[in-house]
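The next block holds one structure in the form of structure tokens; read it before the comments.
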Amino acid sequence: MLLAPPPPPDDSLVLAGIYQLQQQVAVERSVGALQFLDSIYCQSDGYLTDGINEAAAAIWAQQSMLTLRYLERHPKACLRQAVVQGISANMSTEENWVQALANFRQMALDSGHRAGLSRREMLFLQQFISEVNPALLD
């Protein structure tokens, strides 16, 4: 006897789950929520990818050093692409995205210094922020 495949998940429920994970990272500093978003992103496409990109950019804005350390400790994390894409997409809507990019990079470096990142972490931060590029979305 063949069983019918389950119905596709309701988009709004899935996106609400992504938002909930985003809040867990932002408020509770939940590394587990970051890991869960990472695993979802590794298997996502379409609207899920867009939703996670948006959530990842918001997470970076709220918990950049937590996110950076997660990505540095998990070099194969799919979430890295989501953070880069999300930040790049947000900047691409700026009237002067070149200036917005320069400001982002300077603020990220300043935050890294204030957070007392190690030399290795600062090098990783420099590499990471060099990947953010709104021009790639044109």
Could you tell me the distance between the Cα centroids of the range 96-122 and the range 21-73, to the nearest Å? 19
Roughly how much of Met91 is accessible, in Å² to the nearest 10, using a 1.4 Å probe? 20
When the Debye formula is applied to the Cα atoms of the range 71-138, each taken as the same point scatterer, what base-10 log of I(q)/I(0) results at q = 0.16, 0.21, 0.27 Å⁻¹? -0.56, -0.91, -1.22
Hey, can you rank 115-126, 24-35 by average C-beta count inside 10 Å, highest first? 24-35, 115-126
Simple Cβ-charge dipole of the chain, Lys/Arg +1 and Asp/Glu -1, about Cα centre, in debye nearest 20: 740
Once fully extended, how much extra length lies between Arg105 and Ser118, figured as 0.36 nm per residue of separation less the alpha-carbon to alpha-carbon distance? 2.9 nm
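Given the -39500 (n - 2.57) contribution per DSSP H run of 4+ residues, what per-residue ellipticity at 222 nm results for the chain, rounded to the nearest 500 deg cm²/dmol? Don't skip to the end; give the middle numbers.
Details: 6 runs with 103 residues, N = 138.
Dividing the helical sum by the residues of the chain leaves -25000 deg cm²/dmol.
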Can you tell me how much longer the chain between His74 and Gln62 gets when fully stretched, taken as 0.36 nm per residue apart minus their C-alpha distance, in nm with one decimal? 2.4 nm
In order over the range 13-19: 3J(HN,Hα) from phi, Karplus 6.51/-1.76/1.60, θ = phi - 60°, whole Hz, x for each Gly or Pro, gives 5, 5, 5, 5, x, 5, 4
Pick the calculated P(r) over Cα pairs in 5 Å bins from 0, in percent for this structure from (1) 2, 11, 22, 24, 21, 13, 5, 1, 0; (2) 2, 10, 19, 21, 19, 14, 7, 3, 2, 2, 1, 1, 0; (3) 2, 8, 12, 11, 8, 6, 6, 7, 6, 6, 6, 5, 4, 4, 3, 3, 2, 1, 0? (2)
In a Gaussian network model of the chain with springs linking alpha carbons closer than 10 Å, the residue among Arg114, Arg105, Arg69 that fluctuates most is Arg114
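The values are calculated or read from the model by the stated rules, or taken from the named source; none is laboratory data. Small disclaimer: the values here were computed from a predicted structure and weren't measured. For neighbour counting, all protein chains shown are included, and Cβ atoms are generated from backbone atoms with ideal geometry for every residue, glycine included. Heavy atoms of the whole protein, side chains included, go into the accessibility calculation; ligands, DNA and RNA do not. Shrake-Rupley method; radii C 1.70, N 1.55, O 1.52, S 1.80 Å.
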